[in-house]
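The values are calculated or read from the model by the stated rules, or taken from the named source; none is laboratory data. All values reported here derive from a predicted model rather than from experimental measurement. Here Cβ is always computed from backbone atoms with ideal geometry, including for glycine, and neighbour counts include all displayed protein chains.
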């Protein structure tokens, strides 16, 4: 597992996927995961070491806890480095859990609030969760009531009252009653707070509103999501930014451009790379091959990840100060096919007996 997804061995096209492989971006003010000499640990937003690298694997912090793999178990760690049983969600939030070959939903204490009756399930979003019954997807509410009967080949997350699903091999935009608002587009991307949905048809991109009506004509060669009132779009080989009405606010002159967060967006132009302000002017320059920008799980954040051309990884803050790296060692996601026996053994090497005993005493969960 440790050799998988090493950035130095990957082509540039894979970098955005890696950036989103864990939770996608740092949480606001929560510890940041780092890798040093093959071990995972955590730093604060000033770059000071909080939890020395010691784990076989670790994921971003969320809601006060990070997830780490140690002695064959996925457990939670707090900002002081204390290990506790896995806590994936706050007490009041529901999350899917597999038991006896079926999925149900448990609260933060691990108690089932919605019985395990589904073939598959996604987490709740906007008060609804996609579930699969008899090989078709539909949606339930937080009480477990089916509000959109299973009729789709695939279904995803609601946001701003709409979601993307697949029917008849075609992606469609639906509302919370299951009504199809738009179809016939080759590609639908996620809805944003600006209530604009990036779509494509005949290899041209534009945006729908949440009623399924075309709000910005499909005239671009590529497009990304809106954030902070602006969206990156590409035309004639160059990227720039438009507002929610389709007006160009930052000229299309960049070779690549990312979404805005904390008033900044990552761009590349010629041999230069860095972060621009909403004026289109560079706030600061920093050498990177890819950066997802300054937006986090819970909103804008004051740090952004970045990768250099040779695959080194680092964090930079909104002032342009690099607080970590760039060094060889990039956070990776958990293996898609699960942990191997070799991983289990390696994850316990060098672990103090007291820690081994603590982890072994935790109740068995989703790990």
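Screening residue 331 with (1) part of a loop (DSSP other than H, G, I, E, B); (2) more than 20 Å from the chain's Cα centre (by Cα); (3) crowded, with 19+ Cβ neighbours inside 10 Å gives one miss only, at (2).
If we scan the range 167-189, do we find a residue that is farther than 25 Å from residue 317 by Cα, out of contact with any helix residue (DSSP H, G or I) (no Cβ under 8 Å at 6 or more places or on another chain), in contact (Cβ under 8 Å) with a residue 40 or more places away in the chain and not in a strand (DSSP E or B)? The answer is yes; a qualifying residue exists. Confirm whether residue 141 is under 30 Å from residue 85 (Cβ atoms) and surrounded by fewer than 16 Cβ atoms within 10 Å (Cβ to Cβ). So residue 141 fits the description; yes. For residue 223, state whether it is surrounded by fewer than 20 Cβ atoms within 10 Å (Cβ to Cβ) and in contact with a strand residue (DSSP E or B) (Cβ under 7 Å, 6 or more places away or on another chain). Judged against the criteria, residue 223 is not a match.
Considering each residue of the range 77-97 in turn, none proves to be more than 30 Å from residue 51 (Cβ to Cβ), free of Cβ contacts under 8 Å to residues at least 60 places away in the same chain and under 25 Å from the mean Cα position of the chain (by Cα). Can you name the residue in the range 281-314 that is in contact (Cβ under 8 Å) with a residue 40 or more places away in the chain and surrounded by fewer than 16 Cβ atoms within 10 Å (Cβ to Cβ) and, of all such residues, is farthest from residue 253 (Cα to Cα)? Checked the range 281-314; the qualifying residue farthest from residue 253 (Cα to Cα) is 298.
Residues that are farther than 10 Å from residue 291 by Cβ and in a loop (DSSP other than H, G, I, E, B) within the range 256-271 comprise 259, 260, 262, 263, 270, 271, listed in sequence order.
Looking only at the range 144-166, count every residue that is assigned to a loop (DSSP other than H, G, I, E, B), modelled with pLDDT under 95 and either more than 23 Å from the chain's Cα centre (by Cα) or surrounded by 22 or more Cβ atoms within 10 Å (Cβ to Cβ) (or both) and tell me the total. Looking only at that region, the number is 1.
Taken together, 305, 344, 356 contain a single residue that is outside any loop (DSSP other than H, G, I, E, B) and touching a helix residue (DSSP H, G or I) at 6+ places or on another chain (Cβ under 9 Å), which is 305.
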